[in-house]
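Remarks on the structure that follows.
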Amino acid sequence: ICEERGLEYRLLSRADCEICDPCAVARVLDELQPWALVNTAGYVRVDDAEHDQERCYRENSVGPGVLAEACASSGVRLVTFSSDLVFDGERQEPYVESDPVRPLNVYGLSKARAEAAVLERWPAALVVRTSAFFGPWDEHNFVQRALQALARGERFAANEATVSPTYVPDLVAACLDLLVDGESGLWHLANRGAISWADLAREAAARAGHSSATLDVVPAHDPGALAARPVYSVLGSERGYLLPALENALDRYVAAVA
């Protein structure tokens, strides 16, 4: 998307920049002289985090804090990502940016800590809460796995927890817009619409022309999961709805992967 917009960029691997090492981060910023830094590094295994807390906190909380401090010192714009899992799911209306956080698991707590650390050290930073990714560049996202299984007539389990899915190309475009416009603070970015994981699988299958007869619907509370998850974590916004409706995103996704 940067290429489509004519924005120069550099993509760094973990080996190129250890985000928990202040010296390494300062060296990269000094060498590349970027106007903005987008942090997509992090620990993403929600269940494993319950028994791997030190690593989860290091990558999800310490690292973003280091980046924020370095960017503040250099005057570099920063965007980092948080999650709907900072909320407990006790309400039945969309969460907005000012709602208090109350994570149910280690992963959610690591993200809540990151939000606080980043904005304390670099108030001009952009912290984006988002959820339930799907996109044409990732073969392992929920929607793609559901479509592959249902197309083959295989059993596929999905639960009834309600989320606000996010189409990655829309998320990237919105984040670039916010960076260019100099926005800061917490933003909720997700495609407009609330849906259960099970219904998301059904909707995607219908658009792709697949039967959902082999879809197994399971309760929102999974007793076998190591990490507790909210049964409702829909993201609304009091700052502005920047992404299109979920139905529109699903149509474009299915067309892209067909």
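Would you check if Arg77 is closer than 26 Å to Leu235 by Cα, open to solvent by 20 Å² or more (accessible area, probe 1.4 Å) and touching a residue at least 60 places away in the same chain (Cβ under 8 Å)?
Numbers: closer than 26 Å to Leu235 by Cα: yes; open to solvent by 20 Å² or more (accessible area, probe 1.4 Å): yes; touching a residue at least 60 places away in the same chain (Cβ under 8 Å): yes.
In short, yes.
How many residues does region 11-44 hold that are at pLDDT below 95 and of a type in the set (Lys, Arg)?
Going through region 11-44 one residue at a time, the tally reaches 1.
In region 1-53, which residue that is more than 20 Å from the chain's Cα centre (by Cα) and touching a residue at least 60 places away in the same chain (Cβ under 8 Å) is nearest to Ser82 (Cα to Cα)?
His51
Out of the residues in region 180-239 that are among the aliphatic types (A, V, I, L, M) and assigned to a strand (DSSP E or B), state the one that is surrounded by the most Cβ atoms within 10 Å (Cβ to Cβ).
Residues of region 180-239 among the aliphatic types (A, V, I, L, M): 180, 186, 189-190, 194-195, 198, 200-201, 204-206, 208, 213, 215, 217-218, 220, 225-228, 231, 234-235.
Among the residues that remain, those that are also assigned to a strand (DSSP E or B) are: 186, 195, 215, 217-218, 235.
Details: Leu186: 19, Ile195: 20, Leu215: 19, Val217: 15, Val218: 14, Leu235: 26.
Looking at the filtered set, the residue picked out is Leu235.
Among the residues of region 18-47, write down those that are small (Gly, Ala, Ser), on the phi < 0 side of the Ramachandran plot and either open to solvent by less than 40 Å² (accessible area, probe 1.4 Å) or part of a loop (DSSP other than H, G, I, E, B) (or both). So that I can check it myself, show each step before the final result.
Step one: of region 18-47, the residues small (Gly, Ala, Ser) are 24, 26, 36, 41-42.
Remaining after also requiring on the phi < 0 side of the Ramachandran plot: 24, 26, 36, 41.
Correct list: Ala24, Ala36, Ala41.
Can you spot a residue in region 82-90 that is more than 18 Å from the chain's Cα centre (by Cα) and in a loop (DSSP other than H, G, I, E, B)? Give the steps one after another, and end with the answer.
Taking region 82-90 as the starting set, the residues that turn out to be more than 18 Å from the chain's Cα centre (by Cα) are 90.
So of that shortlist, the ones also in a loop (DSSP other than H, G, I, E, B) come out as 90.
Scanning region 82-90 turns up at least one residue that is more than 18 Å from the chain's Cα centre (by Cα) and in a loop (DSSP other than H, G, I, E, B).
Cβ-Cβ under 7 Å, sequence separation 6+ or interchain: first residue in region 227-254 and touching a residue at least 40 places away in the same chain (Cβ under 8 Å) and within 20 Å of Glu160 (Cα to Cα), partner open to solvent by 80 Å² or more (accessible area, probe 1.4 Å) and assigned to a loop (DSSP other than H, G, I, E, B). Which pairs?
Val231/His221; Tyr232/Gln92
What residue, of Ala15, Ala68, is open to solvent by less than 70 Å² (accessible area, probe 1.4 Å) and not aromatic (Phe, Trp, Tyr)? Before the answer, list the steps.
Values: Ala15 fails: open to solvent by less than 70 Å² (accessible area, probe 1.4 Å).
Of Ala15, Ala68, the one residue that is open to solvent by less than 70 Å² (accessible area, probe 1.4 Å) and not aromatic (Phe, Trp, Tyr) is Ala68.
In region 96-107, is there at least one residue being without any contact (Cβ under 8 Å) to a residue 40 or more places away in the chain, within 18 Å of Tyr232 (Cβ to Cβ), among the β-branched types (Val, Ile, Thr) and assigned to a loop (DSSP other than H, G, I, E, B)? Before the answer, list the steps.
Taking region 96-107 as the starting set, the residues that turn out to be without any contact (Cβ under 8 Å) to a residue 40 or more places away in the chain are 99-103.
Then drop every residue that is not within 18 Å of Tyr232 (Cβ to Cβ), which leaves 99-103.
Now narrow it down to the ones that are among the β-branched types (Val, Ile, Thr): 101.
Now restrict to residues that are assigned to a loop (DSSP other than H, G, I, E, B): 101.
Looking for residues that are without any contact (Cβ under 8 Å) to a residue 40 or more places away in the chain, within 18 Å of Tyr232 (Cβ to Cβ), among the β-branched types (Val, Ile, Thr) and assigned to a loop (DSSP other than H, G, I, E, B), one finds at least one in region 96-107, hence yes.
The values are calculated or read from the model by the stated rules, or taken from the named source; none is laboratory data. Just so it is clear, the structure is predicted and the values come from calculations on it, not from any experiment. FYI the Cβ positions are ideal-geometry reconstructions off the backbone, even for glycines, and counts take in every protein chain you see. Surface areas here come from the heavy atoms of the whole protein model, side chains and all, with no ligands, DNA or RNA. Shrake-Rupley method; radii C 1.70, N 1.55, O 1.52, S 1.80 Å.
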